[in-house]
Amino acid sequence: MAFKGLERRACIRFEIPGATIRYKLKKLFFEKQVFEEEFCPLIEMSRGGLQFLAQNTHKVGTSVSLEISIPGERVPLVLAGRIRWTAPNVGKSYKYRMGVQFSPYGEKKGQNYPGILVKIISLEQKYCPTEPSEKEKSTLDEFETDD
């Protein structure tokens, strides 16, 4: 996908080959919560959120609980967040792309456990590309000078 515009994210995006997501929508306390889909491919991730492929779409703003399975890790990462955008994935086996923003990290109810952020930072260091991506190069080129 070609980069088209100003980068708004503050966090570095990285891919984890083979990682999958399973998610469930947050419902009222008396409704049974079941996983909507399993084995959804993770496209990319950052400290603040992630993007994945899915067969179903959901309303923007819907609260979700995510389990991220990472190859080589025994325990999946469990995070809470909100769906921030959805888009069709035309002509592909998965019909939709979804973006989720993670809930804040902290010790209060409804927040993600801060230890998860530490794990995400370690994954970022492991999987983050060492070469600048095309997106980063395009923003770096704007500030180069001829000396």
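Read-outs: derived from the displayed coordinates by stated rules, not from any lab. The model shown is predicted, which means the values in this text are computed figures rather than measured ones.
A few remarks follow.
- Unsatisfied cross-links (Cα-Cα over 27 Å) in the set Lys95/Lys119; Lys92/Lys126; Lys92/Lys119; Lys24/Lys119; Lys24/Lys92; Lys59/Lys119: Lys95/Lys119; Lys92/Lys126; Lys92/Lys119; Lys59/Lys119
- Gyration tensor over alpha-carbon atoms, region 20-127, equivalent ellipsoid semi-axes in Å: 21, 18, 13
- Here the Karplus curve 6.51 cos²θ - 1.76 cosθ + 1.60, taken at θ = phi - 60°, turns the phi angles of region 43-55 into couplings of 7, 7, 8, 8, 5, x, x, 8, 10, 9, 9, 8, 8 Hz, with x standing for Gly and Pro.
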